[in-house]
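Everything on this sheet refers to the single structure shown next.
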Amino acid sequence: MTSPATLRALAETFEAMRSTRSPRVKEALLAAFLSAVASDTGALQLTARLCSGRGLAAGDARSLGVGWALVMEVAAVLTGYPPGILAACARATGDLGEAVGLLVARLPGAAEREGLTLAELADIWDRFAGTSRRADKGPMLFRALARCSPVETKYLLRSLGGGLRIGAQETLALAAIARAFDRDIESVRWAFARTGDAGLVACLARDGELASAAFEIGRPAAFMLATPHEGIRTPIDPGLFVVEDKIDGIRAQVHKRGDEVSIFARGLTRVTAQFPEVADAFRFTTAAAALDGELVAIGPDGRPRPFLVLAERIHRKAPTRAMLASIPVAFLAYDLLADDQGEALDRPWTERRARLERFLATVGPTPLVRANPVRPMTGEDLERAFRGARERGHEGLMLKRSDAFYEAGRRTASWIKVKQAFATLDCVITAAEEGHGKRAGVWSDYTFAVWNGGELVSIGKAYSGLTDEEIELLTTRLRKMTLDRFGRVRLVRPEIVLEIAFDGVQKSTRHKSGFALRFPRIARLRDDKPAEEADTLDTVRSLYAAQLESGHREEPRPSEEVSEEVSDKGRAPTRKRPPRPASTQLVFGFHSTEPTVPRRPR
Amino acid sequence: MAAEEALAVVARPEGLYVPALDLFLDPGAPVARAFVSHAHGDHVVAQGGARTLASAPTAALLRGRFGLETSHCLAWGEALAWDAPAGPCTLTVAPAGHVLGAAQLVADTPAGRLVYTGDYQSGPGLTHDVGAPIPCDVLVVEATFGLPIFHFPPREAVRAAIGKWCEERLAANETPVLLAYALGKAQELCAALGQAGLPVMAHGAVAKMCAAYEALGVALPGVRPYAAADTAPGVLIVPPWARGQSFVKKRKNARIAYVSGWALIDAARERFDADAVFTLSDHADFDDLLFTVRSSGARRVYTTFGHAAPFAAILRELSIDARPLEALGRDAHEQDAKPDVNEAGA
């Protein structure tokens, strides 16, 4: 090996990392690679960014814009196999990059190809980001891959999408940076939370300048995350906390400076184009700020609409005029990370809140909705606040410690979320599907149904809640119960009962039952229950009715209404049952004043 | 009528069916006339028909493993006269590689010859007879690994690598645990490790199959049944489904290796949380399948199991009249990775 700064050396490091179960060994391997390329700033930056799961710096307004379809097209030319076969190979491996790598390995001379240097790869990345023309990107990708050995092919394609699959990426990348340059991991995390750019952090770590990492408007910081109240072990002192409604939308940061408005979602991806009306709402102010809050769909009465409505907007890269009119979205701000006075991360919540209010006053008449913090005094006040939040259409409460800093990138006890699963339903699995990635080869996605007379009608799909071991066992059982197969989907004998927890019921045309569940997750396997005893559509209807009475959610838009046959209008449910409360009840421990100390970063 | 029309094969709810022979191939439900290619659980979901046909070693394994009786046991090459809609036919069985007793069915009819490979692999194995392509007019071939990504390394090299890995683990005072299918793969590993002089401990399900192999004349010296109290050094062989069981998790210094054709895929290591993976399969890889189809000279090829549809599409690209037949309730991962009900309690 002449130079360590090659894609082949990096790909071989990734292979070695993948081939060990030990996180320490993974970390050591990556740290060794980072040390080896340390003198080459471009290579160091690119490596750190790729390892943290992104090809470009967080906040970079550009995107690589190389999708599955383009890779398939190029891979078909490269390997000589048509897209149908390539897709079958990708299904078998759970990953297109791996499949193409294996096919390239069969081409004569592929292993001896010269490969790419990391400088060349960085250049290719820049050129991908520099054009939005598919006709340019195809040949660029082909020329790059034609020089790649099998292992380089695999990781180049994995870098373009879907992840490297070498272990927990961001955590691992930061740990390796700390180790490579002998820095304190807390300092590395601290710098990353403020800059969101592992490439920059690696350079700062190398130069011993982590303390200079600064949050800047226009570059997203990692979000501060709340701990569920079930996870709080010490009683909390209500005198220290403020309470807000917990808003059920898309977590986002809005950055405004000069004429530039940027919106960043979780994962620090830029979503400005998806929500033009939100960006426009900030255009008139001359003040600068970076805000934290939620994007929500807002009804004519100013109340938030169901998340399912907002979901229609998420997957639209650029919403149509009709969508903008029918599903207007607003930003509910509740924190401020920086403004004209500078960075505010290391200021207490009380000060950030005051600065947020000052900034919002400059924004002017907009669909902006402000979160209203209240200082509760007693447990009773909190219970009342919780009921009030549900009545206002929010999913619960957020408790925030008034003297805590903004702990970017941390799940912290300074923020506590209080939610309540709405109810649970016992449903029957009617179909199953193989998962992707780690779940390739096992049936991890289940369609479930409830009884309507003698017929099972589907009400949702769930992917989460079971352990790997339970999924393995279910896969084995379901395999023997297969009735028919449509592509990836296997219809199975309806015999297995799952208890599904969820946060709400909505009408939906997606499922045969005419309803959909909000946040469905598998609470447990109900092997004690025969399928005949699963819940009925009547139960779902009465849950829906009870939810409307409680004012939890508005009625859906007309387009979401289902046909009259499955609607419950004018028909009394034959079997009445009150909503079954989920097992988690609200419990507040307000008797101790033992404080949770906010973590003060360096 | 041309052979490919006269010897058509169809997918029925019970399994693959050859109308000209009035015979089901590895059916999944009880039928009157069935050929059972080998003794893996997924091929013997239900038996008990009036006429079942299997190779002699498969018949013995079926009896020992599932308590199933076979009405027609055939030695390799022994001819059986078979009255069928197509007229007087002769059925014979030939080794399919794969596992001990695994057979290809050869049906000579007035219209021509049909061959069904069952689960198949060409070339020698340590504990089973050598599978090889058979010239025919109509071929029904398995396609478990019928995608061009599946290219397996030479078996001798993989067996040697497994032996070396086990030796290193034992030298470091660790227990190498090999996850391998209880019938077939496990015995091949026992034989390979035995030749290398390594002591082997067999999980109950594996030990039972080892005993069945030995009863059929395949010597597996140096294999002892696993007992929890047994702390003497040795390579532990367990079925993949036992990966999560406490005796594996609690075994001190256990190091896990997954041994299967599926080990070729990165996700396998994660799924079995393995320290090492070895690509050693009882099935033909893509090249082996292509070689087998080409060598048969068949004018029509039916593909079944696993990647039947894409493999048939690739054969059609090569101007071979190939059609996929989907067998329900059985798929690619079954044989190598999954428990079967009859073993789970063992």
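The values are calculated or read from the model by the stated rules, or taken from the named source; none is laboratory data. The shown structure was predicted, so the numbers you read here are calculated from the model rather than taken from an experiment. All Cβ positions, even for glycine, are placed from backbone atoms using ideal geometry, and neighbour counts span all protein chains on display.
Looking only at the range A:44-62, decide whether some residue is basic (Lys, Arg) and under 27 Å from residue B:257 (Cα atoms). No, the conditions are met nowhere in the range A:44-62.
Meeting the requirement of 1 or more residues that are farther than 30 Å from residue A:22 by Cβ, the helices (runs of 4 or more DSSP H) wholly within the range A:92-190 are A:96-104, A:118-130, A:134-146. Going by the structure shown, is residue A:105 within 13 Å of another protein chain (Cβ to nearest Cβ), without any contact (Cβ under 8 Å) to a residue 60 or more places away in the chain and in contact with a Cys (Cβ under 8 Å, 6 or more places away or on another chain)? Considered against the rule, which asks whether it is within 13 Å of another protein chain (Cβ to nearest Cβ), without any contact (Cβ under 8 Å) to a residue 60 or more places away in the chain and in contact with a Cys (Cβ under 8 Å, 6 or more places away or on another chain), residue A:105 comes out as no.
Of the residues in the range B:238-248, at least one is without any contact (Cβ under 8 Å) to a residue 60 or more places away in the chain and assigned to a loop (DSSP other than H, G, I, E, B).
Restricting the range A:470-480 to residues that are free of Cβ contacts under 8 Å to residues at least 24 places away in the same chain and more than 8 Å from every other protein chain (Cβ to nearest Cβ) leaves a set whose member that is nearest to residue B:240 (Cα to Cα) is A:473. Restricted to the range A:180-214, and to residues there that are within 17 Å of residue A:338 (Cα to Cα) and aliphatic (A, V, I, L, M), the residue that is surrounded by the most Cβ atoms within 10 Å (Cβ to Cβ) is A:191.
Based on what the data block shows, is residue A:97 on the phi > 0 side of the Ramachandran plot, in contact (Cβ under 8 Å) with a residue 60 or more places away in the chain and in contact with a helix residue (DSSP H, G or I) (Cβ under 7 Å, 6 or more places away or on another chain)? No.
Return a yes/no flag: does the range A:68-79 have any residue that is part of a helix (DSSP H, G or I) and aromatic (Phe, Trp, Tyr). Give the derivation first.
In the first step, residues of the range A:68-79 are kept if they are part of a helix (DSSP H, G or I); the result is A:68-79.
Filter again for aromatic (Phe, Trp, Tyr), leaving A:68.
The answer is yes; a qualifying residue exists.
Please work out which residue is farthest from the other protein chains (Cβ to nearest Cβ), limiting yourself to the range A:80-91 and to residues that are part of a helix (DSSP H, G or I) and of a type outside the set (A, V, I, L, M, F, W, C). So, considering only residues that are part of a helix (DSSP H, G or I) and of a type outside the set (A, V, I, L, M, F, W, C), the one farthest from the other protein chains (Cβ to nearest Cβ) is A:83.
With the requirement that a residue be away from chain B (no Cβ under 14 Å) and hydroxyl-bearing (Ser, Thr, Tyr), what does the range A:1-47 give you? Within the range A:1-47, A:2, A:3, A:6, A:13, A:35, A:39, A:41, A:47 meet the criteria. Here residue B:267 fulfils each of the conditions (1) modelled with pLDDT under 95; (2) closer than 20 Å to residue B:187 by Cβ apart from (2). Restricting the range A:427-464 to residues that are away from every other protein chain (no Cβ under 14 Å) and within 23 Å of the chain's Cα centre (by Cα), the residue that is surrounded by the most Cβ atoms within 10 Å (Cβ to Cβ) is A:446.
How many residues are crowded, with 17+ Cβ neighbours inside 10 Å and either more than 10 Å from every other protein chain (Cβ to nearest Cβ) or over 18 Å from residue B:326 (Cβ atoms) (or both) when one looks only at the range A:486-495?
To start, the set of residues in the range A:486-495 that are crowded, with 17+ Cβ neighbours inside 10 Å comprises A:490, A:492, A:494.
Imposing the further condition that a residue be either more than 10 Å from every other protein chain (Cβ to nearest Cβ) or over 18 Å from residue B:326 (Cβ atoms) (or both) reduces the set to A:494.
Of the residues in that region, 1 qualify.
For residue A:467, the conditions (1) more than 10 Å from every other protein chain (Cβ to nearest Cβ); (2) among the hydroxyl-bearing types (Ser, Thr, Tyr); (3) over 25 Å from residue B:15 (Cβ atoms) are fulfilled apart from (1). Filtering A:498, A:483 for residues that are surrounded by fewer than 20 Cβ atoms within 10 Å (Cβ to Cβ), modelled with pLDDT of 80 or more and within 30 Å of residue B:240 (Cα to Cα) leaves a single hit, A:483. Scanning the range A:62-76 for any residue that is within 14 Å of chain B (Cβ to nearest Cβ) and at pLDDT 90 or above turns up at least one such residue.
One residue stands out in the range B:241-273 among those that are facing chain A (nearest Cβ under 9 Å) and not hydrophobic (A, V, I, L, M, F, W, C): the one that is farthest from residue B:156 (Cα to Cα), namely B:244.
Tallying residues that are in a strand (DSSP E or B) and under 22 Å from residue B:192 (Cβ atoms) within the range B:112-153 yields 2.
Which residue is surrounded by the most Cβ atoms within 10 Å (Cβ to Cβ), if the candidates are limited to the range A:15-46 and must be in contact (Cβ under 8 Å) with a residue 12 or more places away in the chain and basic (Lys, Arg)? Give the steps one after another, and end with the answer.
First, the residues of the range A:15-46 that are in contact (Cβ under 8 Å) with a residue 12 or more places away in the chain: A:15-18, A:23, A:26-38, A:40-46.
Pick out the ones that are also basic (Lys, Arg) and you get A:18, A:26.
Details: A:18: 17, A:26: 23.
Of everything passing the filter in the range A:15-46, A:26 is surrounded by the most Cβ atoms within 10 Å (Cβ to Cβ).
Name the residues in the range A:1-36 that are out of contact with any Pro (no Cβ under 6 Å at 6 or more places or on another chain), farther than 26 Å from residue B:274 by Cβ and of a type in the set (Gly, Ala, Ser), would you?
A:3, A:5, A:35
Here residue A:397 meets the list (1) outside any strand (DSSP E or B); (2) among the aliphatic types (A, V, I, L, M); (3) crowded, with 20+ Cβ neighbours inside 10 Å almost entirely, failing just condition (1). When each of A:443, A:451 is tested for being in contact with a helix residue (DSSP H, G or I) (Cβ under 8 Å, 6 or more places away or on another chain), touching a residue at least 60 places away in the same chain (Cβ under 8 Å) and not assigned by TED's automatic domain parsing to the domain that holds residue A:92, the lone residue that passes is A:451. Filtering the range A:41-55 to residues that are of a type outside the set (Ser, Thr, Tyr) and either touching a helix residue (DSSP H, G or I) at 6+ places or on another chain (Cβ under 6 Å) or at pLDDT 95 or above (or both) leaves A:42, A:43, A:44, A:45, A:46, A:48, A:49, A:50, A:51, A:53, A:55.
Taken together, the residues in the range A:103-140 that are of a type outside the set (S, T, N, Q) and more than 16 Å from residue A:11 (Cα to Cα) amount to 21. So which residues in the range A:284-308 are buried (at least 22 other Cβ atoms within 10 Å of the Cβ) and not in a strand (DSSP E or B)? A:305, A:306 - these are the residues of the range A:284-308 that are buried (at least 22 other Cβ atoms within 10 Å of the Cβ) and not in a strand (DSSP E or B). Is it true that some residue in the range B:219-232 is free of Cβ contacts under 8 Å to residues at least 12 places away in the same chain, more than 11 Å from every other protein chain (Cβ to nearest Cβ) and charged (D, E, K, R)? No, the range B:219-232 contains no residue that is free of Cβ contacts under 8 Å to residues at least 12 places away in the same chain, more than 11 Å from every other protein chain (Cβ to nearest Cβ) and charged (D, E, K, R).
One residue alone among B:114, B:139 is in contact with a Leu (Cβ under 7 Å, 6 or more places away or on another chain) and at pLDDT 95 or above, and that residue is B:114.
The strands (runs of 3 or more DSSP E) located wholly in the range B:1-110 that include 1 or more residues which are among the polar types (S, T, N, Q) and in the same structural domain as residue B:139 (by TED's automatic domain parsing) occupy B:51-55, B:87-95, B:103-109.
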